[in-house]
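Here is the structure we will look at.
The values are calculated or read from the model by the stated rules, or taken from the named source; none is laboratory data. The structure presented is a predicted model; accordingly, all values stated were derived computationally and were not measured. Don't worry about glycine lacking a Cβ; one is built from the backbone with ideal geometry, like all the others, and counts go over all protein chains shown. Note: areas computed on protein heavy atoms with side chains; ligands, DNA, RNA excluded. Shrake-Rupley method; radii C 1.70, N 1.55, O 1.52, S 1.80 Å.
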Amino acid sequence: MLEHFCECYSDLSGPILCPVLGSITPLFIPNSRIRPIRLIGLCASIITFFYSPVPRIQFDPSTAKSQFVESLRWLPYENINFFFGIDGISLFFVILTTFLIPICILVGWSGMRSYGKEYITASLIREFLMIAVFRMLDLLLFYVLPESVPIPMFIIIGVWGSRQRKIKAAYKFFLYTLLGSVFMLLGIIFIIFQTGTTDLQISLTTEFSERRQIFLWIASFASFAVKVPMVPVHIWLPEAHVEAPTAGSVILAGIPSKLGTHGFLRFSIPMFPEATLCSTPFIYTSSAIAIIYTSLTTLRQIDLKKIIAYSSVAHMNLVTIGMFSPNIQGIGGSILPMLSHGLVPSALFLCVGVLYDRHKTRLVRYYGGLVSTMPNLSTIFFSSTLANMSSPGTSSFIGEFPILVGAFQRNSLVATLAALGMILGAAYSLWLYNRVVSGNLKPDFLHKFSDSNGREVSIFIPFIVGVVRMGVHPKVFPDCMHTSVSNLVQHGKFH
């Protein structure tokens, strides 16, 4: 029976179709019946989540080739077809996406009273797009799908944002990602003209001259650097987080930033190996500066969301150092922090959301002594803080340590600066926790004291379990990814 189930659904159609059907169904239900709309959205996202690990049952970790490959003939006379598949690198990103969407729907369960139907539809369309991004093996979709993800995010920030500047933040987020992708489109058109097909697997075997590689690498870098984001094109991220609703910040921290790093791994590094080697000193320098700069900037912030947002930028720039280290430790190690980054900052943003729901402020100076009035939230906040400072036994440590090892083999100075960034990360994480949880209460500013309820604690538990599971027993992740990572290193001529 299990084999029959896997044969029926090994094509991965479930994670694609469920969000689409779930986003269409609420459109036929009146706005007055908000509870059935929410239940439909939640059920569709949960079904999608249970579908997503199915490929792991039949997944063959001994091969680096894309598995469960599907193709859709679109313009056969122009040799343009849509190709989908999955490998050891993208498998867990799909699972992470399907894990976060039900959480976001539950977080907005009571808060999204206005335009509830539209919120569910936007959330499920966003899920469909992000799953398709990680499954795509098509150059045309490599541009279309990642550039479509900001559209529902733009709507969520602009409609359900928390402040008066939400429209400005939404436009900044959308325009930054759009402008960076224009050069990427030109590069993809050039590749299609040279290869005669949109199949990414064929393009990866195509030899480009060194000059063309540099041009195409710069074109793709302009798009991916904004999505990571790398300094100095990171300005949109703190603004977007501050203005987004809690559910928007959770998904914004969890997935969209991975579109840039996944693009580097899937496109730039294997397709343009010579240009990648030439650009490695530039990436090392900019990422090391970004880690130190954003860590120091974090210490000067007064808004809880901005503190976590700048911390997120520092962690993602550490990931870019690992990706461009020409060894298995660096590239393989960079994937684990990406997965961890989908859990840790998301949990921290949820903690901030709980505080904001009760006290209607995110300014650090108004908080203190919450351990005596909100012990449950303080414990959860402490667990998330330990993960954010990359403590041993957490998912962050198990990924960032191999990055340092891989970077040290390439450039000891960069590895030292990255390690200094981790020390600064511990400093601002402990500083934040101490300011919010320890000290004396401030009743002049905070009046309503109520700890996390059962629904909120149940939302936090999967994050804590995931962080500890990855940190204590991470073997399942490198087992699935090792062959794909080794192939990437060899294909990129990094050995």
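For the reader, a short list of remarks on this structure follows.
- The set of residues in segment 129-187 that are touching a Ser or Thr at 6+ places or on another chain (Cβ under 9 Å) and among the aromatic types (Phe, Trp, Tyr) comprises Phe134, Phe142, Tyr143, Trp160, Phe183.
- Selected residue [farther than 18 Å from Ile40 by Cβ, assigned to a helix (DSSP H, G or I), open to solvent by less than 10 Å² (accessible area, probe 1.4 Å) and modelled with pLDDT of 85 or more] from Ile151, Ile155, Ile131: Ile131
- Where Arg469 falls short, out of the listed (1) at pLDDT below 90; (2) farther than 30 Å from Thr280 by Cβ; (3) of a type in the set (Lys, Arg); (4) open to solvent by 70 Å² or more (accessible area, probe 1.4 Å): (1)
- Qualifying residue in segment 277-286 (condition: within 26 Å of Asp138 (Cα to Cα), touching a Gly at 6+ places or on another chain (Cβ under 9 Å) and either crowded, with 24+ Cβ neighbours inside 10 Å or not polar (S, T, N, Q) (or both)): yes
- Options Phe99, Phe92; residue that is open to solvent by 10 Å² or more (accessible area, probe 1.4 Å), within 20 Å of Cys43 (Cβ to Cβ) and touching a Phe, Trp or Tyr at 6+ places or on another chain (Cβ under 8 Å): Phe99
- Sole exception among (1) among the β-branched types (Val, Ile, Thr); (2) part of a helix (DSSP H, G or I); (3) surrounded by fewer than 16 Cβ atoms within 10 Å (Cβ to Cβ) for Thr121, by number: (3)
- Scanning segment 352-383 for residues that are basic (Lys, Arg) and either over 26 Å from the mean Cα position of the chain (by Cα) or open to solvent by 10 Å² or more (accessible area, probe 1.4 Å) (or both) returns Arg358, Lys360, Arg365.
- Single unsatisfied condition, Leu72 versus (1) touching a residue at least 24 places away in the same chain (Cβ under 8 Å); (2) over 26 Å from Pro345 (Cβ atoms): (1)
- Helices (runs of 4 or more DSSP H) (entirely within segment 180-291) containing at least 2 residues that are in contact (Cβ under 8 Å) with a residue 24 or more places away in the chain and over 26 Å from Thr97 (Cα atoms): 210-227
- Selection from segment 305-326 of residues that are more than 20 Å from the chain's Cα centre (by Cα) and open to solvent by less than 10 Å² (accessible area, probe 1.4 Å): Ser325
- Test: residue in segment 333-351 that is assigned to a helix (DSSP H, G or I) and open to solvent by 20 Å² or more (accessible area, probe 1.4 Å): no
- Against the list (1) in contact (Cβ under 8 Å) with a residue 60 or more places away in the chain; (2) open to solvent by 90 Å² or more (accessible area, probe 1.4 Å), the condition Phe408 fails is (1).
- Enumeration of residues in segment 427-476 that are among the basic types (Lys, Arg), in a loop (DSSP other than H, G, I, E, B) and touching a residue at least 12 places away in the same chain (Cβ under 8 Å): Lys442, Lys448
- Among the residues listed as Ser429, Ser390, Ser396, Ser412, the single one being small (Gly, Ala, Ser), closer than 22 Å to Leu296 by Cα and more than 24 Å from the chain's Cα centre (by Cα): Ser412
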